[in-house]
Amino acid sequence: GIALSAQASSDSASSGAAADSLVFDPDGYTKLTTTVTDTDGTDHAVTYHFWKAITYVAHPVDKTYQSLNVSVPVEIDGTAVDASDAPILFANSVGGYMPSSVADATGIGGAGMAGGGAPGGTPSGSAAPSASAPGANGNTNATGGALNSNQLLALAAGYVVVEPGARGRTLKNSGGEYYGTAPAVIVDLKAAVRYVRFNKGRIPGDVDRIVSAGTSAGGAVSALLGASGDSPLYDKYLKELGAADAGDAIFATGAWCPITDLDHADGAYEWNWGTNVTQSTGKVVDQSVSKDLISQFAEYQASLHLKGLNGFGPLTARNLDDYLVQQYLEPSATRYLTDLSDSDRATYLAANTFITWKNGRATFTWADFLTHVGARKKTTPAFDAFDLSAGENNEFGAGTTEARHFTSYSLKHDTTGSAGTRLDSDIPEKLRLMNPMPFLAGKANPGRSKHWWIRLGTKDSDTSLTVSANLAAAAAGLGDEVNHLYYWDQGHGANTDPGDFIKWIAKVTG
Ligand code: DHB
């Protein structure tokens, strides 16, 4: 596994260590080759330059995480390519709000979570990774091979690929202080973007065409990176780290199953999955808690003042079910069924009689859809657990406190006895810094990304299906370009159309 080598506190790091140079060394690469299997099954021989573990801030707290890798294609299928002005895929490998390091990677796509075991990578002459095989390349992070596919396909398309590491929630220094909890992950990713922009002309690629990608917690921070571009709210944190003097706005955002809008995620979750049994117990959760949370969500949803895509009108807790069914779920099932052979479709429809298939279109009710999905993954509340056991409680830890409540409701129902009677005073700011929605549905952030690729599996109950839909509606409401689809019957972390993502990058950056 990857050794945890974290000791410095932010205090000692910013006052003590000599500043790292933020000037990228154009000659500091190794030359590697890999074979990328594209989504048509065609193999491509790619030679690329690989820069490894470059610290992206002048005063790092922990270089193991605050470093990035750069991959630049120089020859594809025997033809020289010039990536000087190519789009830059900025692919994080954050999962579970855990630390993510690229420091031990030996080639593109080799990032893993802390303790996640074998770094992957593709040194020259090693076995070829396959972009179409999940888990290829030895990647053992929470999101399987999905990100590898994006990264390898991007490389084979001639794009520059930047893979940033970032601090995560479990990191603790020798003084027992948590230094990777919120907002560390987004501050680090912004610092990494600033490093890339600062090195315009030294790092190959067009710094005005940075496209972010991430899955799950990585999708959340990718969406946040896109929404919060150039926001001054992060300045003091970036300054502390000695981030490069450059902007952190990105051009486009890719987010797969973003686990975001955490302040409202408990209510959204109950609104969606409240009556489904829980995977671990086979029983429904406490329905009075569930109903309390749903009514909070209804208020929140109304306060967003979002309109649905395609003229749906105001989105409310009363009509979101119809909206999800019409806008996303039925079209998703329709695409899935259309692509099946006649006999496979007949088999699927016989096993799933809740679907009406007529004139090449699938229709069904929300209630039947929920039954079809079956057990929900999480108990209630899904994110701010009464006993502080959720990963998100740790994400909002601070100082020597490992886990904290971040909603008043869960604080009130705390079962640990150690949580006090009020939310800690820094919690509202941390929530604000971690949530893309206020940058889109509130006062629109002018520095936000204007292109959005959002994907979510219909069987993904890691968060509510409304989270992605609201994100999409908020961005579209500002006039941004939004490409949002749900993958039928896919679970958490799915990425079944990476080739389309690569084509979308070409289109929006072209
Ligand atoms: C992830 C999954 C979760 O269920 C969650 O609450 C946070 C993050 C993830 O896979 O990254």
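A short reminder: the numbers here are calculations on the coordinates, not readings from a lab. Because the structure is a prediction, the values reported are computed rather than measured. Cβ sites come from the backbone with ideal geometry, for glycine too, and all protein chains shown count toward neighbours.
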Notebook entry, point to check: Quick one: putting +1 on the C-beta of Lys and Arg, -1 on the C-beta of Asp and Glu, what dipole do you get for the stretch 289-355 around its Cα centre, in Debye to the nearest 20?
Noted result: 160 debye
Note to self: Run through the stretch 180-236 and list the trypsin sites (Lys or Arg not before Pro) located in a DSSP loop whose Cβ has at most 13 other Cβ atoms within 10 Å.
What the structure shows: 202
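Between residue 368 and residue 389, take the C-beta separation as r, use R0 = 45 Å, and let me know the FRET efficiency to the nearest 0.05.
Efficiency, from the Cβ-Cβ distance: 0.85.
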Next item on the list: Using R₀ = 22 Å, calculate the FRET efficiency as 1/(1 + (r/R₀)^6) where r is the Cβ-Cβ separation of residue 236 and residue 400; round to 0.05.
Entry: 0.50
Notebook entry, point to check: Which semi-axes, in whole Å and largest first, does the equivalent ellipsoid of the stretch 436-510 have when worked out from the alpha carbon gyration tensor as the square roots of 5 times its eigenvalues?
Noted result: 22, 18, 8
Next item on the list: For the stretch 30-40, just list the computed ³J(HN,Hα) in residue order, Karplus coefficients 6.51, -1.76 and 1.60, θ = phi - 60°, integers in Hz, with x standing in for Gly and Pro.
Entry: 10, 9, 10, 10, 8, 10, 10, 8, 7, 6, 8
Check: What pairs in 172/239; 190/443; 236/377; 200/507; 190/459; 172/430 have C-alpha atoms more than 28 Å from each other?
Finding: 236/377; 190/459
Margin query: So, R0 is 51 Å and r is the distance between the beta-carbons of residue 418 and residue 506; what FRET efficiency does that work out to, to 0.05?
Written below: 0.45
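In nm, what is the difference between 0.36 nm times the number of residues separating residue 31 and residue 295 and their Cα-Cα distance?
89.4 nm
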Notebook entry, point to check: Mind listing the phi-derived Karplus ³J(HN,Hα) values for the stretch 284-301, rounded to whole Hz, using 6.51, -1.76 and 1.60 with θ = phi - 60°, and x for any glycine or proline?
Noted result: 6, 6, 3, 6, 6, 4, 4, 5, 4, 5, 4, 5, 5, 5, 4, 5, 4, 4
Check: What percent does the relative contact order of the chain come to when contacts are Cα pairs within less than 8 Å and at least six residues apart?
Finding: 16 percent
Notebook entry, point to check: Using unit Cβ charges (K, R positive; D, E negative) and no other charged atoms, how large, in debye to the nearest 20, is the dipole of the chain about its Cα centre?
Noted result: 420 debye
Next item on the list: Set Lys and Arg Cβ to +1 and Asp and Glu Cβ to -1, take the dipole of the stretch 184-239 about its Cα centre, and tell me which of 198, 223, 233 lies farthest positive.
Entry: 198
Next item on the list: List the residues of the stretch 470-510 whose backbone N lies under 19 Å from a point placed 7 Å from the Cα of residue 85 along the Cα-to-Cβ direction.
Entry: 505-510
Note to self: Residues of the stretch 18-45 with backbone nitrogen within less than 18 Å of a virtual label 7 Å along the Cα-to-Cβ line of residue 245, please, listed as ranges.
What the structure shows: 19-24
Next item on the list: For a quick protection proxy, order the peptides 465-476, 278-289, 54-65, 490-501 by their average other-Cβ count within 10 Å, most packed first.
Entry: 465-476, 54-65, 490-501, 278-289
Next item on the list: Using +1 at the Cβ of each Lys and Arg and -1 at the Cβ of each Asp and Glu in the stretch 348-459, identify which of 355, 458, 438 lies farthest towards the dipole's positive end.
Entry: 355
Next item on the list: Have a look at the DSSP beta bridges in the chain and tell me what percent are antiparallel, nearest 5.
Entry: 55 percent
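Quick one: work out Rg over Rh on the C-alpha atoms of the chain, Rh as Kirkwood radius.
Values: Rg = 22.2 Å, Rh = 23.1 Å.
Checking Rg against Rh, the ratio lands at 0.96.
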Notebook entry, point to check: If you put +1 on each Lys and Arg Cβ and -1 on each Asp and Glu Cβ, how big is the dipole of the stretch 381-510 around its Cα centre, in Debye rounded to 20?
Noted result: 500 debye
Check: Hey, if you put +1 on the Cβ of every Lys and Arg and -1 on every Asp and Glu Cβ in the stretch 248-377, which of 259, 338, 310 ends up farthest toward the positive end of that dipole?
Finding: 338
Notebook entry, point to check: So for the pair residue 359, residue 426, with labels modelled 7 Å out along Cα→Cβ, what separation do we get in nm?
Noted result: 5.9 nm
